[in-house]
Amino acid sequence: YGDHRDLHSFPTRRSSDLTHLFVVEYAAGTIDEFTTSGTVAKAPLVSGLGANNPTGLALYGSSLFVTNYLTGTIGEYDAITGATINSALISGLHKPIGIDVTDVPEPDSLCLLALGGGVVLMRLRKSA
């Protein structure tokens, strides 16, 4: 594959500026950090992932989640320092490639929403 790079532009949320990109260095097994002007911020930010292993990444808060193709895992790393938080946060996957992080409402929020809707319906019934 040579010097194969997958560019994933997930801006960090440092100091409210959105000026950083993370790059998966597939062949080298690293994650590099660049500014949007192309300047190297830290290369490698995360290392030791194994050659031909990291394939996807997602940023959530100050955590960087990385899919590892050969090991079938998703690891969690500190997006500021590159330190490993949990190299096998999720395991047992079959050759994961991509990843996305989405906010999901807490169950308590859904219960409150349902309760609020019920109260509104009861008031509407009483006023009719």
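Just give me the residues in region 34-50 being free of Cβ contacts under 8 Å to residues at least 40 places away in the same chain and either farther than 20 Å from ALA88 by Cβ or in contact with a helix residue (DSSP H, G or I) (Cβ under 8 Å, 6 or more places away or on another chain) (or both), in sequence order.
Filtering region 34-50 for residues free of Cβ contacts under 8 Å to residues at least 40 places away in the same chain gives 34-41, 43-50.
The answer is PHE34, THR35, THR36, SER37, GLY38, THR39, VAL40, ALA41, ALA43.
Looking at LEU49, LEU89, LEU64 in this structure, which one is over 13 Å from the mean Cα position of the chain (by Cα) and at negative phi? Lay out the reasoning, then the answer.
Numbers: LEU89 fails: over 13 Å from the mean Cα position of the chain (by Cα); LEU64 fails: over 13 Å from the mean Cα position of the chain (by Cα).
The unique qualifying residue is LEU49.
Being under 12 Å from GLY98 (Cα atoms) and open to solvent by 30 Å² or more (accessible area, probe 1.4 Å): is that true of TYR69 here?
For TYR69, the condition - under 12 Å from GLY98 (Cα atoms) and open to solvent by 30 Å² or more (accessible area, probe 1.4 Å) - is met.
If you go through region 67-108, how many residues are in contact (Cβ under 8 Å) with a residue 40 or more places away in the chain, closer than 15 Å to SER47 by Cα and of a type in the set (Val, Ile, Thr)? Before the answer, list the steps.
Narrowing region 67-108 to residues in contact (Cβ under 8 Å) with a residue 40 or more places away in the chain: 77, 79-80, 82, 96-101.
In the following step, the residues that additionally are closer than 15 Å to SER47 by Cα were identified as 77, 79-80, 82.
Restricting the remaining residues to those that are of a type in the set (Val, Ile, Thr) gives 80.
Within region 67-108, residues that are in contact (Cβ under 8 Å) with a residue 40 or more places away in the chain, closer than 15 Å to SER47 by Cα and of a type in the set (Val, Ile, Thr) number 1.
Return the only residue of ILE90, ILE85 being in contact with a Pro (Cβ under 9 Å, 6 or more places away or on another chain), open to solvent by 20 Å² or more (accessible area, probe 1.4 Å) and modelled with pLDDT of 90 or more.
Details: ILE85 fails: in contact with a Pro (Cβ under 9 Å, 6 or more places away or on another chain).
The match here is ILE90.
Taking region 17-50 on its own, how many of its residues are small (Gly, Ala, Ser) and assigned to a strand (DSSP E or B)?
Our first condition is that a residue be small (Gly, Ala, Ser); within region 17-50, this holds for 27-29, 37-38, 41, 43, 47-48, 50.
Checking which are assigned to a strand (DSSP E or B) leaves us with 41, 43.
Residues that pass the stated criteria total 2.
The values are calculated or read from the model by the stated rules, or taken from the named source; none is laboratory data. Computed from a prediction, not measured in an experiment: that's the story for all the values here. Cβ: placed from backbone, ideal geometry, glycine included. Neighbour counts: every protein chain shown. Each accessible area value is taken on the protein alone, full model and side chains, heavy atoms only, with ligands, DNA and RNA left out. Shrake-Rupley method; radii C 1.70, N 1.55, O 1.52, S 1.80 Å.
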